[in-house]
1. Calculate how large, on average over all directions, the projected area of the Cα convex hull of the range C:175-334 is; give the answer in nm² to one decimal.
2. Let me know the mean shielding of B:147-159 by other chains, meaning the per-residue number of their Cβ atoms within 10 Å of its Cβ.
3. Please report how far the C-alpha centroid of the range C:136-163 lies from that of the range C:36-111, rounded to the nearest whole angstrom.
4. Once the mean 1/r over all distinct Cα pairs of the protein assembly as shown is inverted, what Kirkwood radius in angstroms do you read off?
5. At a Cα cut-off below 14 Å, give the aspartates and glutamates reachable from C:LYS49, other chains included and same-chain residues fewer than 8 away excluded.
6. Roughly how crowded by other chains is peptide A:55-61, in terms of the mean Cβ count from those chains within 10 Å of each of its Cβ atoms?
7. Restricting to the range C:5-191, compute how many DSSP beta bridges are antiparallel as a %, nearest 5.
8. So what is the relative contact order for the range C:126-246, in percent, with contacts set as C-alpha pairs under 8 Å and at least six apart?
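Nothing in this text is a laboratory measurement; each read-out follows from the coordinates by a stated rule. Note that this is a predicted model, so its numbers are computed, not measured. Please note: Cβ atoms are built from the backbone with ideal geometry, for glycine as well, and neighbour counts cover all protein chains shown.
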Amino acid sequence: MSEEQIKHVIFKILRRIAPESDPSRLAPDENIRRALDIDSFDALNFFIHLHEELGVNIPESDYGQLNTLSEMLDYLSVHIG
Amino acid sequence: MPGLGADMVTGALVEWKVKPGDRVKRGDIIAVVDTDKAAIEIEVFEDGIVEDLRVQPGQTVPVGTVMAIIRTEAVPFAAEIAAAKEEKVLVEGTRKIMEIEAPPLAEVVIPSRQPLAGRAGRIKASPYARRLAAEHSIDLGALRGTGPQGEIYASDVESAVSAAGQESSKEAGGAPTEEPVPLVTKEKLPPTSPIAGKPAATDYQAAIRRAIAAAMARSNREIPHYYLQTRIDMSRTLHWLESENLKRSIKERILLAVPLIKAVALALGEVPELNGYWIDDRHQVQESINIGFAISLRQGGLITPAILGPDLMSVDELMEALKDLITRTRAGRLRSSEMTEATITVTSLGDFGVETVYGVIYPPQVALVGFGKVMEQPWAENGLLGARPVVTATLAGDHRATDGRRGAQFLDALNRRLQEPSKL
Amino acid sequence: MSNGMEHMRKLTYREAVREAMRDALRKDERVFLMGEDVGRYGGCFAVSKGLIEEFGPERIRDTPLCESTFVGAGIGAALGGMRPIVEIMTVNFSLLAADQILNNTATYLHMSGGLFNVPLIIRMATGGGRQLAAQHSHCLSGWYAHIPGIKVLTPATVEDARGMLWTALDDPDPVLIFENSGLYNMEGFLPIDAGPVDIDSARVRRAGKDLTIISYSASLFKALDAAETLSKEGIEAEVIDLRTLRPLDERTFLDSAARTHRVLIVDEGWRSGSISAEVSARIMEKAFFELDAAVERICSAEVPMPYAKHLEEAALPRMEKIIEVVRKMVRSHG
């Protein structure tokens with residue numbers, strides 16, 4: 001799966017969680033939770049959707065490595081089977 | 001039209017979920033009503049058969065208006081007794097949603113010379129009208145004054161109070177005379193049925209702010225708050241949560257809010273004085289624990305619907321309930337009981353990096369529990385200094401109902417519960 | 001069958017004041033009356049008629065036309081242990097004795113460090129309505145109520161005209177009694193054994209629930225008449241007689257305001273800086289959250305009292321005006 005495709009999926013999920021936002025405007029190093037006002041319930045939903053879409057099972061202990069778009073892309077490109 | 005908030009004066013019917021002839025049982029959702037603040041699902045209080053729907057979708061009626069007639073089992077259909085001489089039989093045997101019919105809005109309100117929209121800015125109300133409104137938690141902004149310039153007089157507030165009074169008098173015996181109402185401060189969702197015109201977002205925002213203003217101003221005016229706070233070592237709870245979540249699929253993972261809510265509920269079991277209301281100069285401790293949980297909304301504002309009986313749920317059940325509640329809150333689909341039955345409020349602002357929460361109690365409740373962010377902090381224990389994840393828990397208590405000692409016992413109980421997460 | 005009236009007798013306000021003085025003169029030999037024409041002429045308003053025959057010129061003393069002198073003499077007599085009743089013909093003339101009243105009578109207790117009380121009574125006629133024009137018709141009782149150190153009584157009823165004097169004489173400090181000249185001919189019923197009444201409380205003269213009318217002296221009866229008319233329209237006005245303007249019994253009118261939530265003050269004085277302004281301010285200060293409407297006032301027009309009858313009537317508070325304002329206050333918002 002290409003980085004573009006992964007990004008597309010991430011944006012789709014973020015738009016579902018934060019409908020009023022435009023994730024494509026996120027800078028690669030911007031803290032997503034802060035930028036889109038994501039709380040812990042939103043975050044849980046994000047990881048549920050990510051699991052549904054991409055099949056990745058991200059353990060809670062890894063949440064800290066997924067703060068920005070570029071971190072997510074790095075993490076996911078490694079973990080998608 | 002039930003009163004879904006002390007500040008609610010009118011409500012608009014969005015849709016009926018039942019039709020005449022339908023059989024309903026207690027707890028069924030029979031209608032969706034749009035208040036100033038949110039679309040609310042209305043539950044029915046009786047088993048019976050829907051006989052007549054008296055309000056049409058899109059219609060706005062004052063609180064207290066009869067919306068439907070529900071026939072209880074013992075009573076024959078209206079058609080069957082049409083021949084019967086006395087209409088009284090119907091009235092007496094039929095459970096009305098409201099006991100007293102309020103006159104239509106148009107009869108209550110004498111149109112003011114000045115259109116409502118032109119009354120921008122300050123609300124002109126007499127001091128006595130203001131006092132009455134404060135005593136009865138009536139939102140002056142929602143009233144239309146009958147004075148020559150649209151001024152609000154005591155009589156205008158009294159009309160609104162009597163309409164609301166008709167509502168509260170119908171509540172089952174033993175229930176508090178003043179309904180506890182969760183803090184409803186979210187942006188109102190646009191009506192889903194063809195209610196004429198779509199009010200501008202600013203109208204919703206103004207209504208929300210007025211709702212917050214009425215409830216919070218009343219709280220700070222009437223409730224002598226005391227505040228206690230304690231730092232709680234969260235290492236055991238977090239460790240337990242982590243290991244529990246490792247056992248679960250992503251979908252079943254538990255949020256930290258769950259052990260926090262559960263611990264509050266169990267601590268309330270030990271210190272029940274904080275679970276209840278202050279009404280009519282009397283402390284009214286409630287037996288069932290219903291925790292109003294502050295849920296923030298993306299559009300701005302927050303809402304505190306009740307989780308009913310979390311003390312009796314397992315953590316998984318509680319997570320399910322919380323997920324369901326948050327989802328429905330954000331979709332604007334709450335049930336009337338969730339809007340009115342909270343006995344205490346819990347607010348967690350940890351997601352936003354806040355360390356300590358000093359809450360404003362939601363009247364007539366007598367306590368609010370606040371949680372901040374879990375932060376790694378230096379922690380001395382048994383003469384050794386280490387780093388622990390620590391949360392600051394605060395209690396805002398109504399000093400009329402309880403004293404600091406009771407509050408301290410509660411925070412102590414809360415701490416103990418969070419040190420034994422496996423028993424949650 | 002008894003209707004209670006066999007114990008009552010009818011008398012005028014003038015007779016009630018005279019009887020009060022006669023009673024005091026009989027009971028206490030320290031009491032004496034002095035003023036312009038109070039003796040042989042029987043008083044400008046005939047209030048003291050017959051007293052000189054009964055008590056002699058030592059105790060019913062005619063004075064020169066010099067208010068500052070005889071009020072000053074009254075102060076001296078009071079300081080010397082007497083109980084003088086000084087009559088000033090009208091309130092307008094009392095201004096000639098303003099220095100004695102304000103600078104001396106009202107301050108001696110204070111200036112003497114609490115050693116010298118001045119148990120002086122000053123009675124004076126006040127009020128308009130008798131075509132006596134701008135120098136004899138003003139209502140300055142509220143103006144005197146501004147001054148600490150004196151008490152200001154405004155008896156409106158025959159009962160108060162009869163009963164306030166003795167209580168005032170019992171008071172160790174100076175008391176001013178304002179008798180509205182328009183009331184002297186008013187008749188009223190009094191118990192045969194009527195005696196002293198208190199001088200420190202207001203009275204609810206008529207109970208009502210829709211609005212409170214606060215008044216005193218002659219205006220009280222305009223308020224009561226207006227209340228009767230309004231009652232036929234279904235508006236029940238409560239009418240309060242202040243009776244004493246200093247010290248003000250604010251509890252009575254604040255309680256009433258808390259019952260009715262609307263207050264109209266009818267005051268024969270001029271509006272600016274009047275006792276009605278004081279009453280209104282106290283209601284605002286102490287019963288703000290009881291008010292459902294702004295406190296309204298009906299006062300005399302702020303002009304020197306006209307001589308012409310129709311103009312004088314127009315300048316004074318009128319019953320019709322009271323009715324009109326009450327209707328507006330009660331009904332303005334349906």
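1. Values: hull surface 42.5 nm².
So the Cα hull casts an average projection of 10.6 nm².
2. Working: counts 4, 4, 1, 1, 4, 2, 7, 7, 4, 3, 1, 0, 0.
Per residue, the number of nearby Cβ atoms from other chains is 3 on average.
3. What the calculation gives is 16 Å, centre to centre.
4. Working: mean 1/r = 0.0302 Å⁻¹.
Computed over the protein assembly as shown, the radius equals 33.1 Å.
5. C:GLU15, C:GLU19, C:GLU36, C:ASP37, C:ASP62, C:GLU87
6. Values: counts 0, 1, 2, 1, 5, 9, 3.
Taking the mean over all residues of the peptide, I get 3.
7. Working: 5 of 27 bridges.
If I count the DSSP bridges inside the range C:5-191, around 20 percent turn out antiparallel.
8. Details: 213 pairs, mean separation 36.1, N = 121.
Across the range C:126-246, relative contact order equals 30 percent.
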